[in-house]
Amino acid sequence: MVDLVGQYQKIKKEMDEAVINVIGSAAFINGPEVNNFQKALAQYLGAKHVIPCANGTDALQVAMMALNLKPGDEVITSSFTFIATAEVIALLGLTPVLVDVLPDTFNIDPEAIRKAITPKTKAIVPVHLFGQCANMEEIMAIANEHQLYVIEDACQAIGAEYTFRDGSVKKAGTIGHVAGVSFFPSKNLGCYGDGGAIFTDDDALAAQLKVIVNHGMTVRYYHDYVGVNSRLDSLQAAVLRVKLNYLDEYTAQRQRAADYYNRAFADNAKITTPVISKNSTHVFHQYTLILNHTNRDGLQKYLNDKEIPAPVYYPVPLHLQKAYIDPRYSEGDFPVTEKLCKSVISLPMHTELDEEQLNYIATAVLDFVNQE
Ligand SMILES: *Cc1c(COP(=O)(O)O)cnc(C)c1O
(Lines give C-alpha, C1' and ligand atoms only; values in the text may rest on other atoms or scores of the structure.)
Protein backbone atom coordinates (compact mmCIF):
# COMPACT_ATOMS: atom_id res chain seq x y z
CA MET A 1 0.00 0.00 0.00
CA VAL A 2 2.98 2.32 0.48
CA ASP A 3 6.52 2.46 -0.93
CA LEU A 4 8.55 3.94 1.87
CA VAL A 5 11.82 2.57 0.51
CA GLY A 6 11.31 4.25 -2.87
CA GLN A 7 10.42 7.48 -1.13
CA TYR A 8 13.50 7.31 1.11
CA GLN A 9 15.87 6.65 -1.82
CA LYS A 10 14.99 10.05 -3.29
CA ILE A 11 15.89 11.96 -0.12
CA LYS A 12 18.51 9.57 1.23
CA LYS A 13 21.43 11.99 1.47
CA GLU A 14 19.48 14.65 3.31
CA MET A 15 17.72 12.12 5.54
CA ASP A 16 20.88 10.22 6.49
CA GLU A 17 22.59 13.47 7.41
CA ALA A 18 19.69 14.58 9.63
CA VAL A 19 19.53 11.22 11.43
CA ILE A 20 23.31 10.90 11.88
CA ASN A 21 23.41 14.42 13.33
CA VAL A 22 20.98 13.41 16.06
CA ILE A 23 22.98 10.28 16.85
CA GLY A 24 26.16 12.36 17.02
CA SER A 25 24.52 14.89 19.32
CA ALA A 26 23.18 12.15 21.63
CA ALA A 27 20.18 14.44 22.36
CA PHE A 28 17.66 11.66 21.87
CA ILE A 29 14.88 12.96 24.09
CA ASN A 30 13.62 16.55 23.85
CA GLY A 31 16.63 17.52 21.78
CA PRO A 32 16.75 20.65 19.63
CA GLU A 33 15.33 18.68 16.67
CA VAL A 34 12.02 18.27 18.48
CA ASN A 35 11.75 21.99 19.00
CA ASN A 36 12.81 22.73 15.42
CA PHE A 37 10.22 20.35 13.99
CA GLN A 38 7.44 21.64 16.19
CA LYS A 39 8.14 25.22 15.08
CA ALA A 40 8.31 24.22 11.42
CA LEU A 41 5.03 22.32 11.65
CA ALA A 42 3.28 25.17 13.50
CA GLN A 43 4.35 27.52 10.74
CA TYR A 44 3.24 25.13 7.99
CA LEU A 45 -0.19 24.69 9.57
CA GLY A 46 -0.74 28.21 10.75
CA ALA A 47 -1.30 26.75 14.24
CA LYS A 48 -0.25 28.64 17.34
CA HIS A 49 0.88 25.59 19.31
CA VAL A 50 2.13 22.17 18.25
CA ILE A 51 2.78 19.75 21.09
CA PRO A 52 4.63 16.65 19.89
CA CYS A 53 3.78 13.29 21.47
CA ALA A 54 4.37 9.58 20.98
CA ASN A 55 1.56 8.67 18.54
CA GLY A 56 -1.80 9.75 17.20
CA THR A 57 -3.78 7.74 19.73
CA ASP A 58 -1.99 9.50 22.59
CA ALA A 59 -2.60 12.83 20.88
CA LEU A 60 -6.35 12.27 21.06
CA GLN A 61 -6.20 10.92 24.60
CA VAL A 62 -4.11 13.80 25.93
CA ALA A 63 -6.40 16.29 24.20
CA MET A 64 -9.39 14.81 26.07
CA MET A 65 -7.47 14.78 29.36
CA ALA A 66 -6.52 18.44 28.99
CA LEU A 67 -10.13 19.43 28.36
CA ASN A 68 -10.98 18.01 31.77
CA LEU A 69 -13.65 15.69 30.48
CA LYS A 70 -15.07 13.62 33.33
CA PRO A 71 -16.27 10.02 33.45
CA GLY A 72 -19.81 9.86 32.13
CA ASP A 73 -19.39 12.85 29.83
CA GLU A 74 -20.61 12.04 26.35
CA VAL A 75 -18.34 12.41 23.35
CA ILE A 76 -19.87 12.17 19.89
CA THR A 77 -17.89 10.54 17.11
CA SER A 78 -18.34 8.66 13.89
CA SER A 79 -19.27 4.99 13.66
CA PHE A 80 -17.04 4.59 10.59
CA THR A 81 -13.45 5.15 11.69
CA PHE A 82 -10.28 3.56 12.97
CA ILE A 83 -10.72 2.19 16.49
CA ALA A 84 -8.32 4.64 18.18
CA THR A 85 -10.92 7.38 18.15
CA ALA A 86 -13.40 5.45 20.27
CA GLU A 87 -10.71 3.64 22.25
CA VAL A 88 -9.42 6.74 24.01
CA ILE A 89 -12.95 7.89 24.80
CA ALA A 90 -13.64 4.53 26.44
CA LEU A 91 -10.26 4.38 28.23
CA LEU A 92 -10.92 7.70 29.92
CA GLY A 93 -14.29 6.46 31.19
CA LEU A 94 -16.13 8.83 28.87
CA THR A 95 -19.16 7.63 26.97
CA PRO A 96 -18.70 7.31 23.23
CA VAL A 97 -21.85 8.33 21.39
CA LEU A 98 -21.72 7.06 17.83
CA VAL A 99 -23.41 8.67 14.85
CA ASP A 100 -23.62 7.72 11.20
CA VAL A 101 -21.59 9.16 8.34
CA LEU A 102 -22.53 10.69 5.01
CA PRO A 103 -22.71 8.27 2.08
CA ASP A 104 -20.60 10.44 -0.25
CA THR A 105 -17.64 11.71 1.82
CA PHE A 106 -17.75 9.00 4.54
CA ASN A 107 -17.42 11.81 7.11
CA ILE A 108 -19.58 12.40 10.18
CA ASP A 109 -23.12 13.59 9.44
CA PRO A 110 -23.78 16.99 11.11
CA GLU A 111 -27.53 16.36 11.25
CA ALA A 112 -26.88 13.10 13.09
CA ILE A 113 -24.65 14.98 15.55
CA ARG A 114 -27.49 17.40 16.32
CA LYS A 115 -29.84 14.53 17.06
CA ALA A 116 -27.33 12.84 19.37
CA ILE A 117 -26.76 15.83 21.66
CA THR A 118 -27.95 15.45 25.26
CA PRO A 119 -27.29 17.51 28.41
CA LYS A 120 -24.30 15.21 29.04
CA THR A 121 -22.63 15.89 25.71
CA LYS A 122 -19.29 17.64 26.14
CA ALA A 123 -17.36 17.15 22.93
CA ILE A 124 -17.48 16.17 19.26
CA VAL A 125 -14.65 14.27 17.59
CA PRO A 126 -14.92 14.62 13.82
CA VAL A 127 -12.57 12.30 11.95
CA HIS A 128 -11.27 13.68 8.65
CA LEU A 129 -11.52 10.26 7.09
CA PHE A 130 -9.23 9.11 4.28
CA GLY A 131 -7.85 12.63 3.82
CA GLN A 132 -10.66 15.13 3.51
CA CYS A 133 -12.15 17.36 6.16
CA ALA A 134 -15.54 16.74 7.69
CA ASN A 135 -18.12 19.54 7.38
CA MET A 136 -16.33 21.77 9.88
CA GLU A 137 -18.42 24.88 9.21
CA GLU A 138 -21.53 23.07 10.39
CA ILE A 139 -19.77 21.16 13.17
CA MET A 140 -18.28 24.35 14.66
CA ALA A 141 -21.70 26.03 14.46
CA ILE A 142 -23.29 23.12 16.37
CA ALA A 143 -20.47 23.19 18.92
CA ASN A 144 -20.85 26.93 19.49
CA GLU A 145 -24.60 26.63 19.84
CA HIS A 146 -24.29 23.90 22.49
CA GLN A 147 -20.95 24.95 24.03
CA LEU A 148 -19.14 21.75 23.11
CA TYR A 149 -15.48 21.14 22.49
CA VAL A 150 -14.38 20.01 19.05
CA ILE A 151 -11.42 17.64 18.96
CA GLU A 152 -10.37 16.99 15.36
CA ASP A 153 -8.99 13.56 14.56
CA ALA A 154 -6.74 14.79 11.77
CA CYS A 155 -4.60 11.64 11.73
CA GLN A 156 -5.41 10.93 8.08
CA ALA A 157 -5.66 14.48 6.78
CA ILE A 158 -2.52 16.47 7.47
CA GLY A 159 -2.21 19.19 4.84
CA ALA A 160 -5.88 19.11 3.78
CA GLU A 161 -7.46 22.57 3.50
CA TYR A 162 -10.99 23.54 4.44
CA THR A 163 -12.67 26.61 2.93
CA PHE A 164 -15.35 28.38 4.96
CA ARG A 165 -18.34 30.22 3.48
CA ASP A 166 -16.63 33.55 4.10
CA GLY A 167 -13.72 32.41 1.94
CA SER A 168 -11.26 31.86 4.78
CA VAL A 169 -9.13 28.75 4.51
CA LYS A 170 -7.78 26.64 7.37
CA LYS A 171 -5.72 23.51 7.47
CA ALA A 172 -7.10 20.27 8.93
CA GLY A 173 -6.38 20.22 12.63
CA THR A 174 -6.47 24.00 13.10
CA ILE A 175 -10.25 24.48 13.06
CA GLY A 176 -11.52 22.86 16.26
CA HIS A 177 -10.39 23.65 19.81
CA VAL A 178 -7.70 21.00 19.65
CA ALA A 179 -6.59 18.27 17.23
CA GLY A 180 -4.53 15.12 17.11
CA VAL A 181 -2.36 13.83 14.26
CA SER A 182 -0.34 10.67 13.74
CA PHE A 183 3.07 10.34 12.13
CA PHE A 184 2.77 6.54 11.81
CA PRO A 185 5.02 5.54 8.86
CA SER A 186 2.18 5.03 6.38
CA LYS A 187 0.40 8.31 7.23
CA ASN A 188 0.76 11.21 4.80
CA LEU A 189 3.51 12.73 6.95
CA GLY A 190 5.07 9.59 8.37
CA CYS A 191 8.22 9.12 10.44
CA TYR A 192 10.34 5.98 10.77
CA GLY A 193 8.58 4.69 13.86
CA ASP A 194 5.74 6.06 15.97
CA GLY A 195 4.99 9.73 16.41
CA GLY A 196 2.16 12.18 16.88
CA ALA A 197 1.25 15.75 17.73
CA ILE A 198 -1.49 17.87 19.22
CA PHE A 199 -2.45 21.28 17.82
CA THR A 200 -4.25 24.16 19.46
CA ASP A 201 -4.47 27.93 19.28
CA ASP A 202 -5.47 28.19 22.94
CA ASP A 203 -2.52 29.27 25.15
CA ALA A 204 -3.92 27.88 28.41
CA LEU A 205 -4.83 24.58 26.80
CA ALA A 206 -1.38 24.31 25.20
CA ALA A 207 0.25 24.79 28.61
CA GLN A 208 -1.94 22.04 30.02
CA LEU A 209 -1.17 19.68 27.12
CA LYS A 210 2.59 20.17 27.60
CA VAL A 211 2.28 19.24 31.26
CA ILE A 212 0.12 16.17 30.65
CA VAL A 213 2.43 14.62 28.02
CA ASN A 214 5.24 14.95 30.55
CA HIS A 215 3.88 13.04 33.59
CA GLY A 216 1.73 15.96 34.72
CA MET A 217 4.91 17.68 35.84
CA THR A 218 4.84 21.44 36.24
CA VAL A 219 8.20 21.87 37.99
CA ARG A 220 10.72 19.04 37.87
CA TYR A 221 9.50 16.24 40.18
CA TYR A 222 6.42 18.21 41.22
CA HIS A 223 3.34 16.60 39.70
CA ASP A 224 0.16 18.69 39.79
CA TYR A 225 -1.83 16.45 37.46
CA VAL A 226 -2.06 12.81 36.51
CA GLY A 227 -0.27 12.73 33.19
CA VAL A 228 1.25 10.26 30.78
CA ASN A 229 4.67 9.66 29.26
CA SER A 230 4.19 10.54 25.61
CA ARG A 231 7.21 11.91 23.76
CA LEU A 232 8.27 12.31 20.16
CA ASP A 233 11.90 11.28 20.10
CA SER A 234 14.56 13.43 18.43
CA LEU A 235 15.34 10.91 15.68
CA GLN A 236 11.70 10.90 14.56
CA ALA A 237 11.56 14.69 14.79
CA ALA A 238 14.62 14.91 12.51
CA VAL A 239 12.98 12.55 10.00
CA LEU A 240 9.77 14.56 10.11
CA ARG A 241 11.52 17.90 9.64
CA VAL A 242 13.09 16.62 6.43
CA LYS A 243 9.82 15.16 5.19
CA LEU A 244 7.71 18.20 6.07
CA ASN A 245 9.54 20.10 3.32
CA TYR A 246 8.17 17.58 0.84
CA LEU A 247 4.65 17.25 2.22
CA ASP A 248 2.95 19.44 -0.40
CA GLU A 249 4.82 17.62 -3.16
CA TYR A 250 3.81 14.27 -1.65
CA THR A 251 0.19 15.41 -1.49
CA ALA A 252 0.29 16.44 -5.15
CA GLN A 253 1.68 13.01 -6.08
CA ARG A 254 -1.16 11.31 -4.22
CA GLN A 255 -3.69 13.57 -5.94
CA ARG A 256 -2.19 12.73 -9.34
CA ALA A 257 -2.54 9.02 -8.61
CA ALA A 258 -6.16 9.59 -7.53
CA ASP A 259 -6.85 11.49 -10.78
CA TYR A 260 -5.50 8.57 -12.76
CA TYR A 261 -7.76 6.10 -10.95
CA ASN A 262 -10.74 8.46 -11.26
CA ARG A 263 -10.30 8.68 -15.02
CA ALA A 264 -9.87 4.94 -15.36
CA PHE A 265 -13.06 4.16 -13.42
CA ALA A 266 -15.22 7.04 -14.69
CA ASP A 267 -18.63 5.91 -15.96
CA ASN A 268 -18.26 2.36 -14.67
CA ALA A 269 -21.58 1.62 -12.99
CA LYS A 270 -20.04 -0.93 -10.65
CA ILE A 271 -17.50 1.48 -9.19
CA THR A 272 -18.15 4.69 -7.27
CA THR A 273 -14.97 6.78 -7.09
CA PRO A 274 -14.24 9.07 -4.10
CA VAL A 275 -16.49 12.11 -3.88
CA ILE A 276 -14.63 15.30 -3.08
CA SER A 277 -16.53 17.72 -0.89
CA LYS A 278 -16.74 21.25 -2.22
CA ASN A 279 -15.25 22.74 0.94
CA SER A 280 -12.22 20.55 1.46
CA THR A 281 -9.22 19.47 -0.52
CA HIS A 282 -8.55 15.72 -0.43
CA VAL A 283 -5.03 14.58 0.48
CA PHE A 284 -5.86 10.92 -0.26
CA HIS A 285 -4.52 9.12 2.75
CA GLN A 286 -6.59 6.33 1.20
CA TYR A 287 -8.15 5.96 -2.22
CA THR A 288 -11.36 4.14 -1.40
CA LEU A 289 -13.95 2.87 -3.87
CA ILE A 290 -17.53 1.78 -3.26
CA LEU A 291 -18.39 -1.36 -5.21
CA ASN A 292 -21.93 -1.71 -6.49
CA HIS A 293 -23.26 -5.23 -6.97
CA THR A 294 -19.74 -6.62 -7.18
CA ASN A 295 -18.19 -9.47 -5.22
CA ARG A 296 -15.76 -7.58 -3.01
CA ASP A 297 -14.00 -10.63 -1.61
CA GLY A 298 -13.61 -11.93 -5.15
CA LEU A 299 -12.07 -8.66 -6.33
CA GLN A 300 -9.78 -8.52 -3.32
CA LYS A 301 -8.52 -12.04 -3.98
CA TYR A 302 -8.14 -11.36 -7.72
CA LEU A 303 -6.00 -8.28 -6.97
CA ASN A 304 -4.00 -9.99 -4.23
CA ASP A 305 -3.18 -12.82 -6.66
CA LYS A 306 -1.68 -10.17 -8.92
CA GLU A 307 0.31 -8.82 -5.94
CA ILE A 308 -1.91 -5.76 -5.63
CA PRO A 309 -2.85 -5.08 -2.00
CA ALA A 310 -6.50 -4.08 -1.63
CA PRO A 311 -7.46 -3.77 2.03
CA VAL A 312 -10.85 -2.90 3.44
CA TYR A 313 -10.90 0.19 5.65
CA TYR A 314 -12.98 -0.65 7.69
CA PRO A 315 -14.70 -4.03 7.65
CA VAL A 316 -16.56 -3.68 10.98
CA PRO A 317 -18.41 -0.58 12.25
CA LEU A 318 -17.45 0.58 15.75
CA HIS A 319 -20.81 -0.39 17.26
CA LEU A 320 -20.38 -4.00 16.08
CA GLN A 321 -16.80 -4.42 17.36
CA LYS A 322 -16.71 -7.04 20.09
CA ALA A 323 -14.99 -4.80 22.65
CA TYR A 324 -17.49 -2.01 22.06
CA ILE A 325 -20.74 -3.95 22.01
CA ASP A 326 -23.19 -1.74 23.88
CA PRO A 327 -26.86 -2.27 24.64
CA ARG A 328 -27.56 1.22 23.27
CA TYR A 329 -26.68 0.04 19.76
CA SER A 330 -27.54 -2.85 17.50
CA GLU A 331 -27.12 -3.87 13.90
CA GLY A 332 -29.09 -1.58 11.60
CA ASP A 333 -28.59 1.56 13.72
CA PHE A 334 -26.05 3.11 11.36
CA PRO A 335 -27.16 2.02 7.88
CA VAL A 336 -24.68 4.16 5.92
CA THR A 337 -21.70 2.92 7.92
CA GLU A 338 -22.90 -0.66 7.76
CA LYS A 339 -23.34 -0.49 3.99
CA LEU A 340 -19.89 1.08 3.54
CA CYS A 341 -18.26 -1.61 5.66
CA LYS A 342 -19.68 -4.18 3.26
CA SER A 343 -18.90 -2.39 0.00
CA VAL A 344 -15.66 -0.35 0.23
CA ILE A 345 -12.22 -1.37 -0.91
CA SER A 346 -9.00 0.65 -1.01
CA LEU A 347 -6.35 0.63 -3.71
CA PRO A 348 -2.62 1.28 -3.35
CA MET A 349 -2.11 4.99 -2.70
CA HIS A 350 1.27 6.58 -2.07
CA THR A 351 3.82 9.02 -3.38
CA GLU A 352 5.78 6.62 -5.59
CA LEU A 353 3.08 5.22 -7.90
CA ASP A 354 4.05 5.60 -11.56
CA GLU A 355 1.81 5.36 -14.64
CA GLU A 356 2.81 1.78 -15.30
CA GLN A 357 1.80 0.68 -11.80
CA LEU A 358 -1.42 2.71 -11.88
CA ASN A 359 -2.30 1.22 -15.25
CA TYR A 360 -1.59 -2.31 -13.99
CA ILE A 361 -3.81 -1.78 -10.93
CA ALA A 362 -6.67 -0.03 -12.74
CA THR A 363 -6.68 -2.61 -15.55
CA ALA A 364 -6.85 -5.46 -13.05
CA VAL A 365 -9.81 -3.84 -11.23
CA LEU A 366 -11.66 -3.26 -14.50
CA ASP A 367 -10.91 -6.76 -15.81
CA PHE A 368 -12.52 -8.23 -12.71
CA VAL A 369 -15.62 -6.02 -12.48
CA ASN A 370 -16.34 -6.18 -16.23
CA GLN A 371 -16.16 -9.96 -16.44
CA GLU A 372 -18.42 -10.45 -13.43
C1 LIG B 1 -3.74 6.31 12.51
C2 LIG B 1 -4.96 6.82 13.16
C3 LIG B 1 -5.02 7.04 14.54
C4 LIG B 1 -3.95 6.62 15.49
O5 LIG B 1 -2.66 6.98 15.20
P6 LIG B 1 -1.43 6.13 15.83
O7 LIG B 1 -0.26 7.02 15.59
O8 LIG B 1 -1.36 4.86 15.08
O9 LIG B 1 -1.70 5.95 17.27
C10 LIG B 1 -6.18 7.61 15.05
N11 LIG B 1 -7.22 7.93 14.28
C12 LIG B 1 -7.21 7.71 12.95
C13 LIG B 1 -8.40 8.08 12.14
C14 LIG B 1 -6.09 7.14 12.35
O15 LIG B 1 -6.09 6.91 11.03
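Structure above, values below:
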read-out: Residue within the stretch 98-116 that is away from the ligand (no atom under 16 Å from the Cβ), open to solvent by less than 20 Å² (accessible area, probe 1.4 Å) and of a type in the set (Ser, Thr, Tyr) present; value: no
read-out: Residue within the stretch 81-90 that is open to solvent by 20 Å² or more (accessible area, probe 1.4 Å) and either more than 13 Å from the ligand (Cβ to nearest atom) or at positive phi (or both) present; value: yes
read-out: Qualifying residue in the stretch 4-13 (condition: away from the ligand (no atom under 15 Å from the Cβ), among the charged types (D, E, K, R) and buried (at least 18 other Cβ atoms within 10 Å of the Cβ)); value: no
read-out: Some residue of the stretch 312-334 being without any contact (Cβ under 8 Å) to a residue 12 or more places away in the chain, under 30 Å from ASN370 (Cβ atoms) and within 26 Å of the chain's Cα centre (by Cα); value: no
read-out: Yes/no for VAL88 being in the same structural domain as CYS155 (by TED's automatic domain parsing), free of Cβ contacts under 8 Å to residues at least 40 places away in the same chain and of a type in the set (Val, Ile, Thr); value: yes
read-out: Residue count, the stretch 158-182 (criterion: within 12 Å of the ligand (Cβ to nearest atom) and in contact with a Lys or Arg (Cβ under 9 Å, 6 or more places away or on another chain)); value: 2
read-out: Top-ranked residue of the stretch 167-223 - restricted to ones that are free of Cβ contacts under 8 Å to residues at least 40 places away in the same chain and among the β-branched types (Val, Ile, Thr), ranked as farthest from TYR149 (Cα to Cα); value: VAL219
read-out: Residues (more than 10 Å from the ligand (Cβ to nearest atom), outside any strand (DSSP E or B) and under 20 Å from LYS171 (Cα atoms)) located in the stretch 50-80; value: ALA63
read-out: Filtered residues of the stretch 20-49 (kept if open to solvent by less than 40 Å² (accessible area, probe 1.4 Å) and either part of a helix (DSSP H, G or I) or within 20 Å of LYS171 (Cα to Cα) (or both)); value: VAL22, GLU33, VAL34, PHE37, ALA40, LEU41, ALA42, LEU45, ALA47, HIS49
read-out: So ALA323, is it open to solvent by 30 Å² or more (accessible area, probe 1.4 Å) and of a type outside the set (D, E, K, R); value: yes
read-out: Restricting the stretch 183-212 to residues that are more than 19 Å from LEU45 (Cα to Cα) and in contact with a Pro (Cβ under 8 Å, 6 or more places away or on another chain), the residue that is nearest to the ligand (Cβ to nearest atom); value: GLY193
read-out: Strands (runs of 3 or more DSSP E) completely within the stretch 148-217 that count 2 or more residues being surrounded by fewer than 23 Cβ atoms within 10 Å (Cβ to Cβ); value: 149-153, 161-163, 169-171
read-out: Among (1) within 16 Å of the chain's Cα centre (by Cα); (2) hydroxyl-bearing (Ser, Thr, Tyr); (3) at pLDDT below 95 - the single one TYR222 does not satisfy; value: (1)
read-out: The stretch 62-80 - residue that is farther than 30 Å from PRO103 by Cβ and modelled with pLDDT of 95 or more and, of those, nearest to the chain's Cα centre (by Cα); value: VAL62
read-out: Breaking point among (1) free of Cβ contacts under 8 Å to residues at least 24 places away in the same chain; (2) within 30 Å of GLU138 (Cα to Cα), for LEU291; value: (1)
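The values are calculated or read from the model by the stated rules, or taken from the named source; none is laboratory data. Worth saying up front: this structure is predicted, and the values here are computed from it rather than measured. As a convention, Cβ positions derive from the backbone with ideal geometry for all residues, glycine included, and neighbour counts pool all protein chains shown. Quick note on the areas: whole protein, heavy atoms, side chains included, nothing else; ligands and nucleic acids left out. Shrake-Rupley method; radii C 1.70, N 1.55, O 1.52, S 1.80 Å.
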